[in-house]
Ligand code: M6R
């Protein structure tokens, strides 16, 4: 995820901006840049890679004395990580930085190009600066031009803009992406994506709301929301940096669970409209002779793959086979050029997945990666990549990466179903509706978190956990069990609910905990009978379902949804929080569990 900072005051601006960006490093980035306006001149610097490269580039530059500045770290979404795509983007007299996605950038860009504007980057963000300057050229003053620009753009954004037209002002706008304004008693003003760059500088902050925009001068902050003028509401800023990086959550994993709502919106952004799914990333791949899919992955990404196999067969009507990468490598697989080879990886560096991809490439297969890290080894090697846009994931136990992988794979199944003309208009529209409903399903309600926290104390012992489910809820059961074992160190297995009677039911007694995923929209009665069989053998049942279930020892009620995928995401959140709360009660290190590494780059 990109990071932004801004500064108005007399101190060395370069220092605050680059140090501030360093504080946002944990969000992940592939390039960085700053722009400083002082004495009517704007100096701008951009560098690929680490912030150290930007420090080197600005070594000779100094900016003390009153001035204003903006800084940005970019996590590539539209356009490769290159210096030209790094922010700030400039027009003739204005510089902007932007975090988020401008959904209607193509239309705006075409209109501006028709008016003779030349674009220098492949980003969606660049339209903002040119649109603003066009409004100025048409006679608006800078405040009117900024307001009008915000009215024109659609999507998610945190924007800072500086212009020679108003050299002591930083313009800002926020929608669905965080932005904070800060101040101190020395007359300095600050802007940032999160608290941590502000700690030690600002004393009071304003957490902007969606739709807020305005301008900051050294002595005044002006905020509007639509036509309404908003009185700035300051709160005192805390002082703990690590706490700030976690946005106030106890653990990165917890923060990442709560972030799923917003990162999934980013995954969807610009890719889904009422008519279907558009994946520009795949425009150079010819799918006409593809008649099957093989997916290769490890761990959580493998569970995403298993889920996707149901979707590819059911929605796209394409045969799909899923392989654990470490097994695939040595089984001497039969590789066929009519099969699309899909790899899924959060890090893009997992050795087994990378090697499997090399084998597919060597066999001349078409390869597509679903990955979270642009420019990673897997991305560089694949013919095409769909980035999941989860932002950096710090918790070793993967959460938001899984959610964004599933959403990406769901989009891909619709895209392929449509391309192959295997999906009716009616089904496509129902699926799109459910897909767009996903972010709201991922909102974590305080009441359910609190209920899981209280309930978790009953699940700290016993001789094992079985997570059970059917259809797509079977891979979710596997993922729930993996989450629990990774951070609680308790034995847990995921199982297809209907398979328990073929062996594992022998383990059933009151010390066997069964976490039963019982969605209303997917084989409810069948799953219910399987859970009844376990209950009859005295297993302790924690049922997760929208429908009351008399035999449950514990019951977590989900909401009534129309689509199984909505139920999938709601139950996913519950299993993640259950693992988290059990781990907390056991006193384990939630973010860095024993024996595990975030990225497994060895066999
Ligand atoms: O980066 P990748 O998605 O390729 O990583 C694969 C697995 O190592 C990873 O999912 C692992 O299982 C996580 N710790 C799961 O929480």
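The values are calculated or read from the model by the stated rules, or taken from the named source; none is laboratory data. Note that this is a predicted model, so its numbers are computed, not measured. As a convention, Cβ positions derive from the backbone with ideal geometry for all residues, glycine included, and neighbour counts pool all protein chains shown.
I need every pair where a residue in segment 347-360 that is under 10 Å from residue 330 (Cα atoms) has its Cβ under 6 Å from the Cβ of a residue that is within 11 Å of the ligand (Cβ to nearest atom), sequence separation at least 6 or different chains. Here the result reads 356/296; 356/325, each pair linking segment 347-360 to a residue that is within 11 Å of the ligand (Cβ to nearest atom).
Annotation: residue 371 fulfils all but one of (1) surrounded by fewer than 21 Cβ atoms within 10 Å (Cβ to Cβ); (2) near the ligand (Cβ under 9 Å from one of its atoms); (3) under 20 Å from residue 29 (Cβ atoms); the unmet one is (1). Taken together, 426, 420 contain a single residue that is away from the ligand (no atom under 15 Å from the Cβ), without any contact (Cβ under 8 Å) to a residue 12 or more places away in the chain and more than 25 Å from residue 358 (Cα to Cα), which is 426.
Is it the case that segment 92-107 has a residue that's without any contact (Cβ under 8 Å) to a residue 24 or more places away in the chain and at negative phi? Yes; the residues of segment 92-107 include at least one that is without any contact (Cβ under 8 Å) to a residue 24 or more places away in the chain and at negative phi. Screening the candidates 559, 566 for the property of being touching a helix residue (DSSP H, G or I) at 6+ places or on another chain (Cβ under 8 Å), surrounded by fewer than 16 Cβ atoms within 10 Å (Cβ to Cβ), under 26 Å from residue 311 (Cα atoms) and outside the structural domain of residue 300 (by TED's automatic domain parsing) yields one hit, 559. Picking from residues in segment 340-368 that are within 28 Å of residue 251 (Cα to Cα) and in a strand (DSSP E or B), the one that is nearest to the ligand (Cβ to nearest atom) is 345. All of 534, 476 fail the test of being in a helix (DSSP H, G or I) and within 18 Å of residue 557 (Cα to Cα), apart from 476. Being assigned to a helix (DSSP H, G or I) and out of contact with any strand residue (DSSP E or B) (no Cβ under 6 Å at 6 or more places or on another chain) holds for only one residue in 460, 436, and it is 436. There is no residue in segment 330-337 that is touching a residue at least 60 places away in the same chain (Cβ under 8 Å), more than 13 Å from the ligand (Cβ to nearest atom) and not in a helix (DSSP H, G or I). Checked against (1) within 12 Å of the ligand (Cβ to nearest atom); (2) surrounded by fewer than 21 Cβ atoms within 10 Å (Cβ to Cβ); (3) assigned to a strand (DSSP E or B), residue 321 passes all but condition (1). Within segment 534-541, one or more residues are within 34 Å of the chain's Cα centre (by Cα) and either surrounded by fewer than 16 Cβ atoms within 10 Å (Cβ to Cβ) or closer than 24 Å to residue 570 by Cα (or both). Selection over segment 489-512 of residues that are in a strand (DSSP E or B) and at pLDDT 95 or above gives a count of 5.
Filtering segment 1-28 to residues that are outside any helix (DSSP H, G or I), at pLDDT below 95 and in contact with a helix residue (DSSP H, G or I) (Cβ under 8 Å, 6 or more places away or on another chain) leaves 1, 2, 3, 24. List, please: which pairs have Cβ atoms under 6 Å, are six or more places apart or on different chains, and start with a residue in segment 65-80 that is in a strand (DSSP E or B) and end with one that is surrounded by fewer than 23 Cβ atoms within 10 Å (Cβ to Cβ)? Within 6 Å, the pairs are 67/38.
Would you confirm, using the coordinates I've provided, whether residue 156 is in the same structural domain as residue 71 (by TED's automatic domain parsing), within 30 Å of the chain's Cα centre (by Cα), at pLDDT below 90 and part of a strand (DSSP E or B)? Spelling it out, residue 156 is indeed in the same structural domain as residue 71 (by TED's automatic domain parsing), within 30 Å of the chain's Cα centre (by Cα), at pLDDT below 90 and part of a strand (DSSP E or B). Strands (runs of 3 or more DSSP E) fully within segment 175-225 that include at least 3 residues being touching a strand residue (DSSP E or B) at 6+ places or on another chain (Cβ under 8 Å) and at pLDDT 95 or above: 180-183, 189-192, 212-217, 220-225. In the set (1) under 25 Å from residue 264 (Cβ atoms); (2) within 16 Å of the ligand (Cβ to nearest atom); (3) in contact with a strand residue (DSSP E or B) (Cβ under 9 Å, 6 or more places away or on another chain), the condition left unmet by residue 519 is number (2).
State yes or no: is residue 246 under 21 Å from residue 487 (Cα atoms), modelled with pLDDT under 90 and either within 16 Å of the ligand (Cβ to nearest atom) or surrounded by 14 or more Cβ atoms within 10 Å (Cβ to Cβ) (or both)? For residue 246, the condition - under 21 Å from residue 487 (Cα atoms), modelled with pLDDT under 90 and either within 16 Å of the ligand (Cβ to nearest atom) or surrounded by 14 or more Cβ atoms within 10 Å (Cβ to Cβ) (or both) - is met. If the requirement is being away from the ligand (no atom under 16 Å from the Cβ), more than 27 Å from residue 460 (Cβ to Cβ) and either free of Cβ contacts under 8 Å to residues at least 60 places away in the same chain or not assigned by TED's automatic domain parsing to the domain that holds residue 507 (or both), which of these qualifies: 550, 525? Of 550, 525, the one residue that is away from the ligand (no atom under 16 Å from the Cβ), more than 27 Å from residue 460 (Cβ to Cβ) and either free of Cβ contacts under 8 Å to residues at least 60 places away in the same chain or not assigned by TED's automatic domain parsing to the domain that holds residue 507 (or both) is 525. Residue count for segment 264-307 under the criterion of being within 16 Å of the ligand (Cβ to nearest atom) and closer than 19 Å to residue 437 by Cβ: the result is 2. Per the listing 448, 392, 378, the residue uniquely away from the ligand (no atom under 16 Å from the Cβ) and over 17 Å from residue 312 (Cβ atoms) is 448.
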